[in-house]
Structure formats: structure tokens, C-alpha cells
Amino acid sequence: MFSAIYQSALNSNSELLVRETDMEEFYPLHVAGLDRQLPICKISDDLSIAAFVLFGDVEMTVAAAEHLLKVAPVHDILITAEAKGIPLVHEMARQNCESNYIVARKGSKLYMKNLFSVELQSITTQKKQTLFIDSAEADRMRGRRVLIVDDVISTGESLRALEKLVKEAGGEIAGRMAILAEGDAKYRDDIIYLEYLPLIDPDGAPRK
């Protein structure tokens with residue numbers, strides 16, 4: 001049996017912010033009508049994040065897509081970056097009866113011709129990455145309203161990279177959406193999100 005220590009801090013959703021056990025620490029999240037315990041992962045000596053993983057969570061994927069579509073701007077096609085946003089954008093397209101969507105890949109593939117690419121820095125991997133689309137995907141965005149979708153918006157690096165790809169392809173950015181806004185992303189007025197996700201300080205307290 002795990003012993004638990006509860007730390008309290010002010011939050012709009014819950015007074016119990018971090019649950020610490022003998023093995024792991026968790027951040028309790030309520031979003032899209034569902035509750036999840038997010039494992040806290042150390043990024044550096046002075047920063048940790050609460051890891052929100054959509055892969056394999058069908059219930060959360062369906063619920064989050066439904067809630068986002070209720071407030072989504074008018075658009076013609078969806079785009080996300082590989083890989084964590086793929087389940088969400090797929091489910092949003094399915095629920096909205098959209099026949100296709102675009103995934104900016106993290107590597108060039110054999111099927112891709114006449115590449116468009118942009119470099120970004122990821123907060124989770126701490127490494128530079130490059131996103132790619134090809135000319136066929138660019139053609140599907142040209143002159144159309146493109147809705148950018150991701151699971152979490154944090155530093156905005158992935159968002160900026162996707163914006164650049166959309167613009168280079170000749171598309172019009174219809175909006176920017178995510179399930180969660182992490183850290184300072186909550187202050188942005190150009191994104192739509194369902195809930196706020198704080199960064200975590202070394203003492204385990206959510207950063208204000």
C-alpha cells in the first residue's frame with residue numbers, strides 16, 4: 001500500500017494539486033468532463049511537467065474532440081504535428097464528418113515529394129526537430145481555412161512551425177486549438193483550449 005502526502009495550492013479546478021506517493025508524483029487534471037492523474041516528469045533541475053498522454057486513451061480522445069468541436073472556428077481542413085496530436089485530430093475529423101486531415105511529419109518519407117519543412121525546438125525532448133509536409137498536402141491547404149490542432153500548447157514552438165507550413169502552402173489560418181494550455185500559454189489570446197496545465201517547480205508545487 002502506498003502512503004500519500006497531499007500538497008494544497010490554489011487552482012480553479014481542485015485544491016489538491018499534487019499527489020505524492022512512495023513511487024511517483026501525480027497532478028490531478030479535470031478536462032472534458034473526465035479526471036486523470038498525470039505523472040510528473042523532471043525536465044531539468046528547476047522544472048518538471050505533468051505528462052498528458054493521449055495515446056491509448058480512447059475515452060479522453062473522444063471527449064476532448066467533442067468539446068473542442070463545440071467551440072471550433074469555421075474551417076476547411078485540420079492540421080497537427082506528429083505525433084501526440086494525431087489521435088485528437090483524427091477524432092475531430094471523424095466527429096465532424098471531414099474526409100481528411102494533414103499531419104506534419106517529423107521526418108521526410110519516401111512517399112513525400114517536393115517537401116516543405118520547418119525546424120522547431122521541443123520542450124519535452126529538449127532537441128531540435130524538423131516538420132515536413134509535401135506538395136500534395138500543401139495543395140490541400142492552398143486557399144483554404146486551416147485549423148491548427150495539438151494536444152498541448154506550451155512554448156508555442158510546434159504552433160509556430162505549423163503556422164509557417166500553412167502560410168508557405170498558401171493556406172489561411174482559421175484558428176489554433178488544444179486540449180491544454182501549459183505554463184504561460186494560458187495568457188495567449190490567439191488560442192482556444194479546454195483547461196490550463198501548470199508547470200511544476202522543484203518542490204512539487206504547481207508554478208504560478
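What do you reckon, is residue 174 out of contact with any Lys or Arg (no Cβ under 9 Å at 6 or more places or on another chain), assigned to a strand (DSSP E or B) and among the small types (Gly, Ala, Ser)? First the steps, then the outcome.
Details: out of contact with any Lys or Arg (no Cβ under 9 Å at 6 or more places or on another chain): no; assigned to a strand (DSSP E or B): yes; among the small types (Gly, Ala, Ser): yes.
Considered against the rule, which asks whether it is out of contact with any Lys or Arg (no Cβ under 9 Å at 6 or more places or on another chain), assigned to a strand (DSSP E or B) and among the small types (Gly, Ala, Ser), residue 174 comes out as no.
Screening 180, 159 for residues that are outside any strand (DSSP E or B), buried (at least 19 other Cβ atoms within 10 Å of the Cβ) and within 16 Å of the chain's Cα centre (by Cα) leaves exactly one candidate, 159. Checked against (1) among the acidic types (Asp, Glu); (2) outside the structural domain of residue 163 (by TED's automatic domain parsing); (3) surrounded by 15 or more Cβ atoms within 10 Å (Cβ to Cβ), residue 46 passes all but a single condition, namely (3).
The values are calculated or read from the model by the stated rules, or taken from the named source; none is laboratory data. Every value quoted in this text rests on a predicted model; they were computed, and no experiment measured them. We place every Cβ from the backbone using ideal geometry, glycine too, and count neighbours over all the protein chains shown.
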